[in-house]
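Scroll down for the structure; my scribbles are underneath it.
The values are calculated or read from the model by the stated rules, or taken from the named source; none is laboratory data. As the structure is a computational prediction, the values presented were derived from the model and not from experiment. As a convention, Cβ positions derive from the backbone with ideal geometry for all residues, glycine included, and neighbour counts pool all protein chains shown. Just so you know, the surface numbers come from the protein's heavy atoms only, side chains and all, with ligands and any DNA or RNA stripped out. Shrake-Rupley method; radii C 1.70, N 1.55, O 1.52, S 1.80 Å.
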Amino acid sequence: MKPIITAFERSPDRGRGLARDMRVRWALEEVGQRYDVRLLSFAAMKEPAHRALHPFGQIPTYEEGDLVLFESGAIVLHLAECHAGLLPDDAAARARAISWMFAALNTVEPPILDLQTVLFLERDKSWYEQRLAMVKDAIRKRLGELSHRLGDADWLDGAFSAGDLLMVSVLLRVKTSGLLDEYPNLAAYVARGEARPAYRRAFADQLAVFNAALAGES
Ligand SMILES: N[C@@H](CCC(=O)N[C@@H](CS)C(=O)NCC(=O)O)C(=O)O
């Protein structure tokens with residue numbers, strides 16, 4: 001049975017692959033699971049039909065028969081548990097990979113999301129510059145710690161895992177800020193993730209959605 005995910009009909013990031021359906025698409029590609037996509041407008045995301053799938057009226061969601069999931073991390077974990085390739089077989093290594101999944105979403109992503117809030121919603125505030133500097137420093141703290149742990153390894157803990165998939169997805173959100181380039185091993189780590197064939201297929205598919213939306217408007 002082909003699962004169905006939801007994604008933006010027209011992504012606000014203009015096809016840069018930063019919306020959270022991208023990490024689910026990437027995981028699906030890594031495990032070789034074909035899927036369908038239901039595209040949603042911002043209005044449709046807030047309708048009762050979608051809220052029945054996602055209590056907060058957001059994307060992505062994941063439907064597989066009677067199973068409905070929301071939260072990109074939970075969806076990636078489900079895929080990693082049901083298919084080979086994203087979590088190690090060894091129980092301890094598997095638990096460590098799951099720790100990295102949580103670290104990506106709970107420890108590294110929050111200050112990165114703060115930066116987006118500052119840049120997009122707080123530019124007109126008198127304290128904008130001060131807050132921007134503070135948030136950038138909070139990101140640098142996490143990137144420095146992550147960079148130290150990664151060292152010259154290819155991936156965070158042995159072979160590529162769902163932990164790397166989520167960490168790279170989160171780090172991609174600061175790629176254009178220049179902060180990532182302050183940590184060459186992290187920049188190279190992200191580039192390794194982006195070079196994976198599964199990532200490239202997922203990226204091309206989400207970009208095709210954005211380009212089709214643009215073409216539909218002209
Ligand atoms: N923690 C959630 C966050 C979901 C989320 O913020 N989705 C964004 C797209 S990346 C969204 O739907 N934004 C529109 C909105 O909140 O109205 C996850 O990881 O799935």
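Of all residues in the range 34-61, those being small (G, A, S) and in contact with a helix residue (DSSP H, G or I) (Cβ under 9 Å, 6 or more places away or on another chain) number 2.
Number of residues in the range 95-133 that are more than 22 Å from M22 (Cβ to Cβ) and either outside the structural domain of G144 (by TED's automatic domain parsing) or in contact (Cβ under 8 Å) with a residue 12 or more places away in the chain (or both): the value is 5. Within the range 4-39, the set of residues being outside any loop (DSSP other than H, G, I, E, B) and open to solvent by 20 Å² or more (accessible area, probe 1.4 Å) comprises I4, F8, E29, E30, V31, D36, V37, R38, L39. Scanning the range 7-53 for residues that are more than 9 Å from the ligand (Cβ to nearest atom) and β-branched (V, I, T) yields V31, V37.
Restricting A208, A202 to residues that are surrounded by fewer than 15 Cβ atoms within 10 Å (Cβ to Cβ) and part of a helix (DSSP H, G or I) narrows the list to A208.
Within the option set A213, A188, being more than 20 Å from P110 (Cα to Cα) and free of Cβ contacts under 8 Å to residues at least 60 places away in the same chain holds for one residue only, A188. Considering the conditions (1) without any contact (Cβ under 8 Å) to a residue 24 or more places away in the chain; (2) out of contact with any Pro (no Cβ under 8 Å at 6 or more places or on another chain); (3) open to solvent by 20 Å² or more (accessible area, probe 1.4 Å), G85 is excluded by exactly one of them, (1).
Do we have F56 as within 16 Å of the ligand (Cβ to nearest atom), open to solvent by 50 Å² or more (accessible area, probe 1.4 Å) and either in the same structural domain as P184 (by TED's automatic domain parsing) or farther than 21 Å from K2 by Cα (or both) here? When the stated conditions are applied, F56 passes them.
Taking the criterion of being more than 14 Å from the ligand (Cβ to nearest atom) and of a type in the set (D, E, K, R), the residues of the range 59-95 that qualify are E63, E64, D66, E81, D89, D90, R94.
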